[in-house]
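Q: Dropping the structure in here first, questions after.
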Amino acid sequence: MKKCSSSYCKKVFNSLDVDGDGKITPLQLQNCIAMMDGGLTPEEAEMVVQPLISVDGLVGLDEFAGLVESDEEEREEDMRKAFGMYKKEGEECITPRSLKSMLGRLMGDWSVADDDCVAIIKRFDLNGDGVLCFQEFQLMMMPN
């Protein structure tokens, strides 16, 4: 069984565990899933929750971690794939040139100026090296 390792997972679980007994009810978990996705029917939420319910009919932290952290792993994998599309082969980061190339492919005929690519990178370049590493790319791709 997966152990809950992220502080995010523990915070979400603890916010649902209103009585502090280390367990949440299936209904509480269904409500959480519905809030996160907004599009799950009660039946769909029940299908997600059912495998997580322990012998006592409740969901513990470790069962909850299996749900939450698998989604986090999927998101990171997707982000790494996207990062790979933006960087040039053989490079470990996104340069202004590789950003311009990818934006050109995405936007077709519309051309992006070199200065604009430098400005985009500069905005998210935390260490000031003029390129974006994976962590900086994640920051750039996060919704405001």
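The values are calculated or read from the model by the stated rules, or taken from the named source; none is laboratory data. As the structure is a computational prediction, the values presented were derived from the model and not from experiment. We place every Cβ from the backbone using ideal geometry, glycine too, and count neighbours over all the protein chains shown. These accessible areas exclude ligands, DNA and RNA; they are computed on the full protein's heavy atoms, side chains included. Shrake-Rupley method; radii C 1.70, N 1.55, O 1.52, S 1.80 Å.
Q: Which ones in the range 102-121 are crowded, with 16+ Cβ neighbours inside 10 Å and within 25 Å of the chain's Cα centre (by Cα)?
A: M102, L103, C117, I120, I121
Q: Of the residues L132, L139, L126, only one is of a type outside the set (K, R), open to solvent by 50 Å² or more (accessible area, probe 1.4 Å), at pLDDT 80 or above and in contact with a Phe, Trp or Tyr (Cβ under 8 Å, 6 or more places away or on another chain); which?
A: Among L132, L139, L126, only L139 is of a type outside the set (K, R), open to solvent by 50 Å² or more (accessible area, probe 1.4 Å), at pLDDT 80 or above and in contact with a Phe, Trp or Tyr (Cβ under 8 Å, 6 or more places away or on another chain).
Q: Here's a check for you: in the range 59-96, which residue that is of a type in the set (K, R) and more than 30 Å from L27 (Cα to Cα) is modelled with the lowest pLDDT?
A: Ranking the qualifying residues of the range 59-96, first place goes to K88.
Q: Next up: Mind checking which residues of the range 76-91 are part of a helix (DSSP H, G or I) and of a type in the set (G, A, S)?
A: A82, G84
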